[in-house]
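See below for the structure under consideration.
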Amino acid sequence: MMIKTETNSRAAVTVRRTDGTVETVETKHIWITDALFGRMATATKAAGRGELLSYTNPEVEAEELRCHRCNTAVDESAYSQTEQMWFGGGPVKATTHYCAPCARTLKAMGEMQERAR
Ligand SMILES: [Zn+2]
């Protein structure tokens, strides 16, 4: 899980405004995923505020990304899912990563739950 508390850094997006100017804007997001970027691009376009071109995430230490279950170091390509957690007194959406063995275990557990219904 990646929650950074001791930083002001935020993910940024590059946007081409409707008048053709291209600017980089800091977002309220700490971390942007492809899926989130897609939703932001759609919303920005729908609002008539321009076209999102790309995004950049803040630099993070590689060791910050660990399996949520067993704490094995994983990289960005690892299986991940978005979960709701309590943090700082309120619910936040956090992306948690899992190593391959734990991802298989989770998937097996999910399938068991499916069958139980
Ligand atoms: Zn694991």
key: Some residue of region 46-62 being farther than 30 Å from Asp19 by Cα, of a type outside the set (A, V, I, L, M) and out of contact with any strand residue (DSSP E or B) (no Cβ under 6 Å at 6 or more places or on another chain)   = yes
task = Give the residue that is farthest from Thr27 (Cα to Cα), with candidates limited to residues of region 57-74 that are at pLDDT 85 or above and not β-branched (Val, Ile, Thr).
result = Cys70
message = Kindly evaluate Met85 against the criterion of being surrounded by 11 or more Cβ atoms within 10 Å (Cβ to Cβ), in contact with a His (Cβ under 8 Å, 6 or more places away or on another chain) and at pLDDT below 85.
response = no
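The values are calculated or read from the model by the stated rules, or taken from the named source; none is laboratory data. Here the structure is a predicted model, which is why all the values come from computation and not from measurement. Because the Cβ atoms are built from the backbone with ideal geometry, glycine has one as well, and the counts that use them run over all protein chains shown.
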